[in-house]
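Everything below concerns the one structure shown next.
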Amino acid sequence: MKAIVIALILCALATGVLAQTSTPWRVLDSWGQLPAGAVWGSPSQVAMTAQGQILVLRRTLPSFFLFNPDGTFVKSWGDTPYKLAHGVRVDREGFIWVTDNSDNLIQKFSADGATLLMTIGRKGMVGDNKSQDAFDGPADAFVARNGDVYIADGYRNSRIVQFSKEGKFIQIIGGVKGAEPGQFSLPHAVVVDSKNRIIVADAENSRVQVFDAAGKFLEQWTNFVAKPRGAMVITADDTIYISHVDAEAISVVKDGKVVEVIRNVGGRPHGMTLDRDGNIYVSFPGTSAVKKVVKGS
């Protein structure tokens, strides 16, 4: 009987390990048909547009490349350089949001990228952890269902800053560098789930912290394959994908638990998005590449 119990325990442990490491994902050898003479140009982040296309934010000019999911090139634009292009997201209404990590600003553009609609922050100006209108090292900006904007101001500050749809300051979450609940050490990405919980990749603390809508700490998630320093994408059913620049991997998280680890995506996966079919697109600024990770053997 004792031997049977031990065997069952070992089997259960093996199944758990398998669930997190054995995946049906495949990294394509190449993706993205660049225009003649063009290079990737240090692609920092990627996002899916309202039309289902893949938008790439680059750290060179033109700032934006747009592709169809099959990799065919659509167009490029953006002749004004960012000092350090870092994050790009597309909200539910199709507006494009760009984060400049060095000039400390967040910009909202029309869906076609042609018109600048709003700027949060003051270009080139530095704000401390208490500032309501300036940042120091913003990494990400996420727009919730109600239009509120959450900014991960984490490279030199240690906080999440919430603004209204109109760009008016609402609240600061965190603001103290540390490892205690509610403190941060490089909040690198932020999303808001269907319960209006604010979910933050607290990178250097190797955890994800969860807050309620009022900014009250609820819980933290740990046991990741590496620091959650990279991108964070949330799906309609609150499944969260987190890229790890230090592990060439992507974690899939459900209800605070890592349910799958996609390994060997190559390089340092900094940016990430999903398309409508659930395929993953990952950007690598250091090696200047964008890769597509698809389901299948």
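Observations on the structure shown:
- Paramagnetic label zone (point 7 Å from Cα along Cα-to-C-beta, Val259; backbone N under 15 Å) in the stretch 188-210: 194
- Charge context of Thr239, other residues only, Cβ under 15 angstrom, K/R +1, D/E -1: -1
- If you take all other residues with their beta carbon under 13 Å from the beta carbon of Arg59, and give Lys and Arg +1 and Asp and Glu -1, the sum is 0.
- For the stretch 44-93, the square roots a ≥ b ≥ c of the C-alpha gyration tensor eigenvalues yield an a/c of 1.5 or more together with a/b not exceeding b/c, which makes the shape oblate.
- Residues in the stretch 194-210 carry Karplus couplings, in order, of 5, 9, 6, 7, 9, 10, 10, 7, 8, 4, 6, 8, 6, 8, 10, 9, 10 Hz; the curve used is 6.51 cos²θ - 1.76 cosθ + 1.60 with θ = phi - 60°, and Gly or Pro positions show x.
- Per residue, the solvent-accessible area of the stretch 80-148 (1.4 Å probe, heavy atoms of protein chains only, all protein chains present) comes to 44 Å².
- Listed peptides 84-93, 230-239, 30-39 by packing density, highest first (mean Cβ within 10 Å): 84-93, 230-239, 30-39
- Summed over the residues of the stretch 166-279 and divided among them, the accessible surface reaches 41 Å² per residue at a probe radius of 1.4 Å.
- Compactness check for the stretch 179-297: Cα Rg over 2.2 N^0.38 Å is 1.02.
- Dipole magnitude of the stretch 162-297 about its Cα centre (Cβ charges: Lys, Arg +1; Asp, Glu -1), debye to nearest 20: 220 debye
- Apportionment of accessible area to carbon and sulfur, the chain, percent (1.4 Å): 52 percent
- Between Val233, Ala249, Ile280, the Cα set farthest toward the positive side of the dipole of the chain (charges on each charged residue's Cβ, about the Cα centre) is that of Ala249.
- Taking Cβ atoms as reference points and 13 Å as the exclusive limit, the residues near Ser44 contribute a net charge of +3, counting Lys and Arg as +1 and Asp and Glu as -1.
- Structural descriptor for the chain: relative contact order 15 percent, calculated from alpha carbon pairs under 8 angstrom and at least 6 residues apart.
The values are calculated or read from the model by the stated rules, or taken from the named source; none is laboratory data. Note that this is a predicted model, so its numbers are computed, not measured. Glycine also receives a Cβ, built like all others from the backbone with ideal geometry; neighbour counts cover every protein chain displayed. Side chains are part of the model used for accessible areas, which takes the heavy atoms of the whole protein and leaves out ligands, DNA and RNA. Shrake-Rupley method; radii C 1.70, N 1.55, O 1.52, S 1.80 Å.
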